[in-house]
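The values are calculated or read from the model by the stated rules, or taken from the named source; none is laboratory data. Keep in mind that what you see is a predicted model, and the values were worked out from it rather than measured. Glycine gets a Cβ as well: all are built from the backbone with ideal geometry, and neighbour counts include every protein chain shown. The area values use the complete protein model at the heavy-atom level, side chains included, leaving out ligands, DNA and RNA. Shrake-Rupley method; radii C 1.70, N 1.55, O 1.52, S 1.80 Å.
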Amino acid sequence: MWHDFDEDGRLDLYVANDISDNALYLNRGDTFADAGLAAWVADYRGAMGLAVGDWNRDGDDDLFVTHWIAQENALYDSRLMAATSNPAVGEATMQRSPLTFSDVASPMGLGQIALQSIGWGTAFTDFDHDGWLDLVVVNGSTFETDGQPPALEAQRAFLLWNNLGKGFHDLAPLSEELAQPRVGRGLALSDFDRDGDVDILMVTLDDGVHLLRNEMAKGNWIALNLKRPGRGASRGEGSTVIATVAGNRLRRTVSGGSYLSQDSSTLHLGLGEATRVDALEVRWLGGKSENFGPLEANARWELVEGESSPRRVTVLSRRERVTAFWEIQRAAMDAMKRDGDAPRAMTLFRQALELNPDHEDSRYYLANLLASDGDLAAAQAEFAILLERNPRSHRGLKQWGILKALHASGEEDLMEAERALQRALEVNPEGTGSLLALGEVALLRGDLPAADDRFARVCRSNPRAVGGFFLRAFVHWRRGDRAGAERLLAAAKVARGEDWKPEGAVAEGDVKFRMHREESPLSRFWESWNGGSEPNTAFKDLDEYLPE
């Protein structure tokens with residue numbers, strides 16, 4: 001469990017060990033100090049699951065540990081923030097103390113209840129939205145029953161309701177699913193159906209996965225997603241929020257790892273009858289603190305480090321999401337192909353991808369539009385995402401290679417382009433576009449024999465490959481074979497056909513603007529060719545562009 005237990009802005013590490021002392025390693029910046037004994041958490045029992053949360057709302061994070069049979073589970077109450085009497089104001093105030101913990105499992109009702117069970121995955125969350133963190137534990141024995149064939153003994157889970165910080169009560173017997181004995185192991189929490197409460201997923205041995213929808217939440221709620229720009233896919237891990245709700249301070253941290261498990265990084269807070277969070281402080285891990293609010297209840301909010309205004313996240317049903325995606329995606333295609341409005345098309349493709357990040361067409365066209373707009377880095381990043389989701393995307397590999405060749409600054413870039421195009425050709429051996437681009441890369445590298453071989457294969461496979469015939473004619477002309485160049489130029493003109501139009505016009509229909517087209521490293525030279533058969537004129541610009 002990585003967690004900032006001493007609140008110094010650095011993640012500490014708590015390690016649960018089986019029948020040997022657990023360890024608490026405090027992060028000192030350049031090293032770690034083993035503070036398990038000094039902090040009174042060097043637990044020597046058979047520890048398994050871990051959970052962290054401020055169960056008693058005293059302003060610091062506490063630690064819960066599940067154990068083996070005949071060993072009570074542990075609830076280590078942090079004493080980092082201790083109440084001290086303040087005669088000046090006539091009440092107790094919270095003061096920071098050295099980091100120590102006290103095991104309060106027994107008086108809080110978490111001790112003896114666990115003696116006949118073996119605990120594994122566990123987590124804190126507010127299931128009923130009353131503002132107090134409850135606990136859930138999955139149990140399952142490691143002992144075999146007497147039956148044949150032998151099987152491990154099943155045990156029921158615990159759903160431990162927090163009674164206003166006074167103690168916990170097990171509600172699992174009231175739930176048909178949780179009361180069913182199982183050989184539990186993993187446990188993870190998430191609002192999978194997006195109805196505002198936290199649901200349970202349990203993994204069992206030999207009995208599959210059980211997804212339990214929460215139907216006990218009664219109060220209001222708020223969900224928070226934290227983001228840190230410039231930190232990759234960071235969801236605010238290790239950061240803490242402190243929400244002021246009707247005079248109470250609710251503390252939550254993006255954490256949530258347990259035995260073979262990882263919870264959602266979305267923070268859920270139950271608000272009881274409160275209709276808003278009055279104020280919200282975010283303590284970014286290793287960074288500054290920022291204040292947001294007030295925030296309306298029963299809504300999802302995205303908080304971005306460095307941005308003062310929180311963003312309300314709209315949650316759509318699956319049907320609404322699919323409908324909205326196709327409306328936006330079609331509008332993006334119209335903007336690109338019919339209206340020629342590239343900026344609007346890019347905006348719409350991005351919106352479509354927010355609804356469906358796996359849609360290859362949208363990402364492919366967005367990448368091409370970015371490249372046409374001159375934003376090569378962004379275009380390559382989009383192609384990288386496309387290829388991560390589908391490593392065998394022929395057109396993704398092809399266009400990534402073409403982009404690399406189009407903007408190559410040296411031999412290394414051209415070699416990278418060639419490798420990507422070779423992979424594209426392996427995925428689709430009949431794709432003459434990849435083979436043509438490979439020929440162009442060979443020409444850019446000055447390898448005339450390889451270029452001629454690739455162009456010849458393109459021409460044999462596709463008699464309409466204008467670029468193949470044109471560039472092969474150039475290779476022959478460069479070699480001094482004027483007759484061969486003239487013959488191939490004539491073939492290029494035939495391949496282009498009688499319906500050829502000058503660059504910028506369209507060949508079909510009576511649409512006003514040129515449809516989207518894909519560029520290749522040297523396509524502009526044959527597209528601007530006027531159809532003349534004189535090699536010196538036809539190849540003048542290409543000859544000046546390519547070095548000897």
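For this structure, a couple of remarks:
- Taking a point 7 Å from the Cα of residue 57 along the Cα-to-Cβ direction, the residues of segment 258-296 with backbone N closer than 18 Å to it are 268-281, 295.
- Solvent exposure of segment 403-490 as accessible area per residue, Å², 1.4 Å probe: 44
- Applying 1/(1 + (r/R0)^6) with R0 = 45 Å to the Cβ-Cβ distance of residue 116 and residue 389 gives a FRET efficiency near 0.45.
- Volume per residue that the Cα convex hull of segment 108-261 spans, once the total is divided by residue count, Å³: 134
- Antiparallel beta bridges, as assigned by DSSP with both residues in the chain, represent about 95 percent of the total such bridges.
- Loop-located GluC sites (Glu not before Pro) across segment 217-295 with a Cβ neighbour count of 15 or fewer within 10 Å are 273, with loop assigned by DSSP.
- Among 313, 433, 178 the positive-end extreme of the charge dipole of the chain (Cβ point charges): 433
- If you plug the beta carbon distance of residue 179 and residue 460 into 1/(1 + (r/R0)^6) with R0 = 45 Å, you get a FRET efficiency near 0.05.
- Between the alpha-carbon centres of segment 1-76 and segment 421-486 there is a gap of 65 Å.
- Gain in span if fully extended, residue 33 to residue 248, counting 0.36 nm per residue against the direct Cα distance: 74.0 nm
- Per-peptide average of other Cβ atoms within 10 Å, ordering 136-147, 426-437 highest first: 426-437, 136-147
- Label-zone membership for segment 194-212, site residue 302, 7 angstrom Cα→C-beta point, backbone N under 18 Å: 194
- Compactness of segment 28-153 is given as radius of gyration and Dmax, 18.1, 71 Å, from Cα positions.
- Surface composition of the chain: carbon and sulfur make up 49 percent of the accessible area, probe 1.4 Å.
- Compared with the dominant principal axis of the Cα atoms in the chain, helix 394-406 is inclined by about 70°.
- Nitroxide proxy distance, nm - points 7 Å out along Cα→Cβ at residue 447 and residue 163: 7.8
- Antiparallel content of DSSP bridges confined to segment 153-303, in %, to 5: 90
- With q set to 0.12, 0.19, 0.21, 0.22 Å⁻¹, the log10 of I(q)/I(0) for segment 98-199, from the Debye formula over equal scatterers at the Cα positions, is -0.47, -1.02, -1.17, -1.24.
- Quarter of the Cα convex hull surface for segment 7-76, i.e. its orientation-mean projected area (nm²): 5.0
- Computed packing ranks the peptides 325-334, 40-49 as 40-49, 325-334, most packed first, by mean other Cβ atoms within 10 Å.
- For P(r) over Cα pairs in 10 Å bins from 0, in percent, computed directly from the structure shown, the correct entry in (i) 3, 14, 20, 23, 20, 13, 5, 1, 0, 0; (ii) 3, 14, 19, 17, 13, 12, 10, 7, 3, 1, 0; (iii) 4, 17, 25, 23, 16, 9, 5, 2, 1, 0 is (ii).
- Electrostatic dipole magnitude of the chain [Cβ: Lys, Arg +1; Asp, Glu -1; Cα centre; debye, to 20]: 2040
- Sites listed here are trypsin sites (Lys or Arg not before Pro) in segment 242-291 whose DSSP assignment is loop and whose Cβ has at most 15 other Cβ atoms within 10 Å: 288.
- Between residue 351 and residue 426, the contour length at 0.36 nm per residue exceeds the alpha carbon distance by 23.7 nm.
- Segment residue 317-residue 377, extension gain: residue separation times 0.36 nm, minus the distance between their alpha carbons: 18.2 nm
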